[in-house]
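These notes concern the structure reproduced below.
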Amino acid sequence: MSRTLYAYIFVIFTIGCQHKPIANNDSLNELIKAVEELNECKHQVKDEQEQILRKVIRNEIIPELNEIRLYSKKEIKKQRLSKGEALKRILIGRVEWIETEDGKAHFKARVDTGAQTNSLHAFNINEKRVEGKDYVEFETIDSDHKRITFFEKVVKKSIVKSTSGESEPRYVVEMKLKLGDRTIKSNVNLNNRANLKHKFLIGRNLLIGDYIVDVSQSRLLGGKK
């Protein structure tokens, strides 16, 4: 019996194909039959392996390649720069102290990333015209319960309807505000926030580009207790 036939029989036992052991006195025909079974088993194993390989390529490798193609070198560089800039931003909490630049009013303000613009409680609003420009004089109450009067330039004026159906003017003014160590010139909506806990709301127009908000924290910039 040739070494090749012995090798075939050994491989049959090794790969697990079901075949009865061949006794030393088996005929050559039985050996030939065993080789045919081995070849059939090899083709079956090869087909199964090819199917598995195709499945891996289709479901795992191709999607990964497609995702890599989505990101050009320019995009990857842009993402790295964005991450670097994010590390330079100031972390603030859901509530922070904010004050006017002159320090005459202090507010425990709520940070709201869903609000486009800052909002300040205001009442007794009177519109005035000075040298062809619109201004408003208004009053507010800060967190020290002080009643304070402001005179600010109007950036935008709109007419809105109240819940009672009456039309009333709504003003946006420009104010210089101090948040932490930074002094910022920012637009502020004048609204009636008498029934709200926080008389000042910090919106995205003040936050964007400079701050990251951690809603689990509060008063990270310090200030009044």
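Descriptive notes on the structure:
- Unique residue being part of a loop (DSSP other than H, G, I, E, B) and closer than 15 Å to residue 118 by Cα when the list is 196, 221, 201, 206: 196
- Test: residue in region 175-190 that is surrounded by 12 or more Cβ atoms within 10 Å (Cβ to Cβ) and more than 35 Å from the chain's Cα centre (by Cα): no
- None of 103, 165 is more than 27 Å from residue 218 (Cβ to Cβ), surrounded by fewer than 13 Cβ atoms within 10 Å (Cβ to Cβ) and more than 33 Å from the chain's Cα centre (by Cα) except 165.
- Residue match in region 80-89 (condition: surrounded by 14 or more Cβ atoms within 10 Å (Cβ to Cβ) and at pLDDT 75 or above): no
The values are calculated or read from the model by the stated rules, or taken from the named source; none is laboratory data. Small disclaimer: the values here were computed from a predicted structure and weren't measured. Ideal geometry is used to build each Cβ from the backbone, glycine not excepted, and the neighbour counts take in all protein chains shown.
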